[in-house]
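*Asks:* I have a structure I would like to understand better, so I am pasting it below and will then ask my questions one at a time.
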Amino acid sequence: MNRSYVIYDGPSMIDGAPIVAIAQVGTGNRKTGAGMAQTWILRSDIDPISASRTGADSAICGDCPHKGKPSNKATGWATDRTCYVNLLFAPNGVFKAYKRGSYPVAQSHDDIAAIGQGHGVRLGSYGDPAAVPSYVWDSLTSKADYVTAYTHNPKNERPAYIMTSADNEAQAKAAWGKGERTFRVVSNLAQVIKGKEVLCPASEEAKAATGKEVTCAACRLCGGANIKAKSVAIVAHGASKRKAKELVQ
């Protein structure tokens with residue numbers, strides 16, 4: 001049985017708008033592996049789909065180019081959205097449960113640390129970890145077995161265990177120059193930079209090449225500068241992979 005908790009409810013560290021961070025224990029999917037704690041960073045006052053459509057998701061996504069462009073449509077999400085997260089599923093369901101008051105609040109360091117204890121923690125299953133104060137993540141990860149985390153907001157102060165998301169070679173090289181490790185979306189395998197990057201072992205392309213299905217729980221490469229390893233690249237995937245490939249050309 002999944003256990004879910006509010007671990008932060010307050011202003012976004014990106015723009016000050018109201019947000020909430022919710023941690024779910026005992027969740028997992030085919031890519032991440034069973035048992036990995038997931039975290040959802042959402043506007044606390046606007047449902048995820050409306051936030052995307054109106055641009056209010058900047059509070060949780062910052063300047064990420066994959067969030068798309070605000071639209072004057074009456075329904076749906078942002079125009080040209082390339083994010084692989086389908087807002088109709090987990091983000092929308094988590095938001096509705098939060099508004100129903102379904103999640104208890106973990107307030108102290110010890111309470112939040114206990115959520116992550118003994119298993120992996122994924123920061124930002126949806127949303128950018130930079131939107132949440134770093135002390136929350138420090139508590140959540142303090143007793144975790146491992147962490148995966150990514151940010152498109154490198155200007156924000158953040159823990160070393162968060163990977164820098166890069167959308168092109170220039171961004172990746174700039175991050176490497178600052179001692180950061182990157183997670184980069186590429187349009188094809190030829191764009192993976194030998195000697196600097198490895199193909200995500202949990203990707204479909206890696207599975208096809210090796211015949212092995214690797215989960216994030218087994219891989220554990222996406223732990224930022226705390227991991228002494230090459231950076232990671234993955235071929236654009238998900239529901240919007242065609243648009244994503246165009247974005248990272």
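The values are calculated or read from the model by the stated rules, or taken from the named source; none is laboratory data. Quick caveat, the model's predicted, so the values are computed rather than measured. All Cβ positions, even for glycine, are placed from backbone atoms using ideal geometry, and neighbour counts span all protein chains on display.
Conditions (1) aliphatic (A, V, I, L, M); (2) touching a strand residue (DSSP E or B) at 6+ places or on another chain (Cβ under 7 Å), marked per residue:
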site	(1), (2)
ASP9	no, yes
ALA37	yes, yes
ILE41	yes, yes
ASP45	no, yes
PRO48	no, yes
SER52	no, no
HIS66	no, no
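*Asks:* Return the total of residues in segment 168-217 being surrounded by 13 or more Cβ atoms within 10 Å (Cβ to Cβ) and either of a type in the set (S, T, N, Q) or in a helix (DSSP H, G or I) (or both).
*Replies:* 20
*Asks:* Based on what the data block shows, is TYR8 on the phi < 0 side of the Ramachandran plot, part of a helix (DSSP H, G or I) and of a type in the set (Ser, Thr, Tyr)?
*Replies:* no
*Asks:* Only one of these conditions is not met by ASN92: (1) surrounded by 15 or more Cβ atoms within 10 Å (Cβ to Cβ); (2) out of contact with any helix residue (DSSP H, G or I) (no Cβ under 7 Å at 6 or more places or on another chain); (3) among the polar types (S, T, N, Q). Which number is it?
*Replies:* Among (1) surrounded by 15 or more Cβ atoms within 10 Å (Cβ to Cβ); (2) out of contact with any helix residue (DSSP H, G or I) (no Cβ under 7 Å at 6 or more places or on another chain); (3) among the polar types (S, T, N, Q), the lone unmet condition for ASN92 is (2).
*Asks:* Out of segment 15-49, which residues are modelled with pLDDT of 95 or more and β-branched (Val, Ile, Thr)?
*Replies:* ILE19, VAL20, ILE22, THR39, ILE41, ILE46, ILE49
*Asks:* Taking the stated definitions as given, is SER108 polar (S, T, N, Q), surrounded by 18 or more Cβ atoms within 10 Å (Cβ to Cβ) and closer than 30 Å to ASN226 by Cα?
*Replies:* For SER108, the condition - polar (S, T, N, Q), surrounded by 18 or more Cβ atoms within 10 Å (Cβ to Cβ) and closer than 30 Å to ASN226 by Cα - is not met.
*Asks:* I'm told GLY195 meets every condition in (1) modelled with pLDDT of 90 or more; (2) touching a helix residue (DSSP H, G or I) at 6+ places or on another chain (Cβ under 7 Å); (3) farther than 29 Å from TRP137 by Cα except one. Can you identify the failing condition by its number?
*Replies:* So GLY195 meets the others, but not (2).
*Asks:* Could you list, in sequence order, all residues of segment 95-121 that are of a type in the set (A, V, I, L, M, F, W, C), farther than 14 Å from TYR8 by Cα and free of Cβ contacts under 8 Å to residues at least 40 places away in the same chain?
*Replies:* ALA114, the sole residue that qualifies.
*Asks:* Got a number for residues in segment 50-66 being assigned to a helix (DSSP H, G or I) and either modelled with pLDDT under 95 or surrounded by fewer than 23 Cβ atoms within 10 Å (Cβ to Cβ) (or both)?
*Replies:* Total satisfying the criteria: 5.
*Asks:* When you go through (1) of a type outside the set (Ser, Thr, Tyr); (2) over 15 Å from the mean Cα position of the chain (by Cα); (3) crowded, with 20+ Cβ neighbours inside 10 Å one by one for LYS155, which number turns out not to apply?
*Replies:* LYS155 satisfies every listed condition except (3).
For every residue, the table says whether it meets (1) at pLDDT 95 or above; (2) of a type in the set (A, V, I, L, M); (3) surrounded by fewer than 21 Cβ atoms within 10 Å (Cβ to Cβ); (4) within 21 Å of ASP47 (Cβ to Cβ).
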{"position": "ASN72", "(1), (2), (3), (4)": "no, no, yes, yes"}
{"position": "TYR84", "(1), (2), (3), (4)": "no, no, yes, yes"}
{"position": "LYS99", "(1), (2), (3), (4)": "yes, no, yes, yes"}
{"position": "SER102", "(1), (2), (3), (4)": "yes, no, yes, yes"}
{"position": "ALA113", "(1), (2), (3), (4)": "yes, yes, yes, no"}
{"position": "GLY118", "(1), (2), (3), (4)": "no, no, yes, no"}
{"position": "TRP137", "(1), (2), (3), (4)": "yes, no, no, no"}
{"position": "LEU140", "(1), (2), (3), (4)": "yes, yes, no, no"}
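*Asks:* Now for a separate question. Residue pairs, Cβ under 8 Å, 6 or more apart or interchain, first in segment 133-160 and without any contact (Cβ under 8 Å) to a residue 40 or more places away in the chain and within 19 Å of ALA217 (Cβ to Cβ), second surrounded by fewer than 20 Cβ atoms within 10 Å (Cβ to Cβ) and among the β-branched types (Val, Ile, Thr). List them.
*Replies:* Short answer, once both residue conditions are applied: none.
*Asks:* Which pairs have Cβ atoms under 6 Å, sit 6 or more apart or on different chains, and link a residue in segment 79-94 that is free of Cβ contacts under 8 Å to residues at least 24 places away in the same chain to one that is part of a helix (DSSP H, G or I)?
*Replies:* Partner pairs satisfying both residue conditions: none exist.
*Asks:* If only one of ASP145, ASP128 is charged (D, E, K, R), touching a strand residue (DSSP E or B) at 6+ places or on another chain (Cβ under 8 Å) and surrounded by 24 or more Cβ atoms within 10 Å (Cβ to Cβ), which one is it?
*Replies:* ASP128
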